[in-house]
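Worksheet for the structure shown next.
The values are calculated or read from the model by the stated rules, or taken from the named source; none is laboratory data. Since we're looking at a predicted model, the values are computed, not measured. When we count neighbours, we look across all protein chains shown, and the Cβ atoms used for this are built from the backbone with ideal geometry, even at glycine. Areas reflect the complete protein model, heavy atoms only, side chains present, ligands, DNA and RNA absent. Shrake-Rupley method; radii C 1.70, N 1.55, O 1.52, S 1.80 Å.
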Amino acid sequence: MSTHHPHALLGADLRSVIYALSDALDLVGIDDLAHGKRVGIMAAECLRSQGVSDEETRFIFDLGLLHDIGVSSTVTHGHLVKEFDWESSQKHCLTGYELLRDFTPLADMALPVRLHHTHWADLVQRDHDRQVLLQANLIYLVDRVDALSAPHYADGSLLMHTERIRGEISARSGSFFAPELVDLFLEASRSESFWLNLEPRSIQTYLNDMRTRGRRHVMNIGELKQLATIFSRIVDAKSPFTAEHSLGVARLARWLGERCDLPAARCEQLEIAGLLHDIGKLRVPDEILDKPAKLDERERKVMNAHSFETYQILKPIPGFDEIALWAAYHHESPGGDGYPFRVSAERLCLEARILRVADIFQAMAQDRPYRTGLPAEKVAAFMQELVDQGRVDADLVALTLADLPAAMAAARPAG
């Protein structure tokens, strides 16, 4: 078992978590992995050209990173990138608003996220603070710039199309976009550097620079758990097959940790790992995640990459070293035949083994679109079968089955 650091999470910086979780949001693009970052960079560059304060620039950059927090479906992402004014775009804006409005450190982003696909002609009729309206509309403007640019990133031809893109935005001045913001964009985007900032290497440099600016907000454990819950809701909303799965796994993992007499701080970490364990599933196409039949070999390979993606997202966050491993190992087996790392039993710490048991148990107990959750006795029989095959920790399963009603109550969504 890994060394116990009871205060490891208390140093988790909000900005580091925002950056890591923006990586998760960008996964929804499958092959286009930097939409939020490009939107943030362009919005920040537009404001920088006017010499606004560093604080305002950082806010608009972070808003760009997280503006699509309501998008978990690859199909929705496709519509938003391919259609300039998709008729169903408001749904993800409302979802994002609901996710952010009660999380105090990011609550100021909630309303701009709600309004970031609303035309300027409609926005000016709203009774909101003008600065909020301008923030929302600037994100909308550069979001549409990214959609127009998307076909040209892969082949490196973007600089050949910038004048056409600038013309498309200019033509919508006063209708889609505030005239003053269009002027701001046209001025900032005159330089080649504005567009070259959107290349992958430049994006990383820009992020590294922004990471060092401004005050740190060190989150307490309550804020960290609330933020993890927000992202578990994004993952669970991706598919009716996964609805509330992360919440159930987190509850059951914590319950098991307490029965293993893990310290309270350790149980908090385990709960957060449960909330975030499937965050890599955001990169799994909807049609694979929602397939009611058995996956073919290619689909299974795609699905099996999700826990590695989870590791890639979580490991850069300071204080998350262990959580990242526990979450990444939730499909590893004591027999060494799990995925994606194929680690042996001696490398599977107690917390990783707990998450594996909680993940499988919850999936069996939970209602799915194509079947109701299994009754307790069938879940117990299935778990025992896995023990007999050497695929899960026998002691943890015995502990779970010793109080089956309580385990079922923890695994199933409340209500």
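Looking at region 48-180, the accessible area is 44 square angstrom per residue; that uses a 1.4 Å probe and ignores ligands, DNA and RNA.
To the nearest 20 debye, what is the magnitude of the charge dipole of the chain about its Cα centre, counting +1 on the Cβ of each Lys and Arg and -1 on the Cβ of each Asp and Glu?
220 debye
Ignoring any ligand, DNA or RNA, what whole percent of the accessible area of the chain comes from carbon and sulfur when the probe is 1.4 angstrom? Here it works out to 51 percent. Taking all Cα pairs closer than 8 Å and separated by 6 or more residues, the relative contact order of the chain comes to 18 percent. Ranked by the mean number of other Cβ atoms within 10 Å of their residues, highest first, the peptides 167-178, 79-90, 18-29 fall in the order 18-29, 167-178, 79-90.
Principal axis extents of the C-alpha atoms in region 159-234 (largest first, rounded to whole Å): 48, 31, 24. In the chain, the longest principal axis of the Cα atoms and the axis of helix 179-188 are about 80 degrees apart.
Summed over all non-identical Cα pairs, the Kirkwood treatment of region 121-188 gives a radius of 12.7 Å. With the simple spin-label model, which puts each label point 7 Å out from Cα in the Cβ direction, the Arg201 to Ala402 separation comes to 5.8 nm. Values of log10 I(q)/I(0) for the chain across q = 0.07 Å⁻¹ run -0.36, by the Debye formula with one identical scatterer at each alpha carbon and no solvent. If you wrap the Cα atoms of region 247-320 in a convex hull and average its projected area over all directions, you get 6.0 nm². Amide H contacts of Arg368 (H built 1.01 Å from N, in plane; Pro and chain starts excluded): Gly373 sit under 5 Å, all sequence-distant by 5 or more or on other chains. For the set Thr104, Thr76, Thr205, Thr118, solvent exposure ranked by accessible area (probe 1.4 Å, protein chains only) runs largest to smallest as Thr104, Thr205, Thr76, Thr118.
Enclosing the Cα atoms of region 315-415 in their convex hull gives a volume equal to 132 cubic angstrom per residue. Rg/Rh, computed from the Cα trace of region 1-148 with Rh as the Kirkwood radius, has the value 1.01.
Working value for region 328-380: equivalent-ellipsoid semi-axes of 25, 11, 9 Å, each the square root of 5 times a Cα gyration tensor eigenvalue, largest first. Note on the chain: helix-only mean residue ellipticity at 222 nm, from DSSP H runs of 4+ residues weighted -39500 (n - 2.57) and normalised by residue number, equals -18000 deg cm²/dmol.
The average projected area of region 63-163, computed from the convex hull of its Cα atoms over all directions, is 7.3 nm².
Remark: region 310-411 carries 42 Å² of accessible area per residue (probe radius 1.4 Å; ligands, DNA and RNA excluded).
Stretching Val124 away from Glu187 to a fully extended chain increases their span by 20.4 nm, per 0.36 nm per residue minus the current alpha-carbon distance. For region 224-286, the Cα gyration tensor yields ellipsoid semi-axes of 23, 11, 8 Å (square root of five times each eigenvalue, largest first, whole Å).
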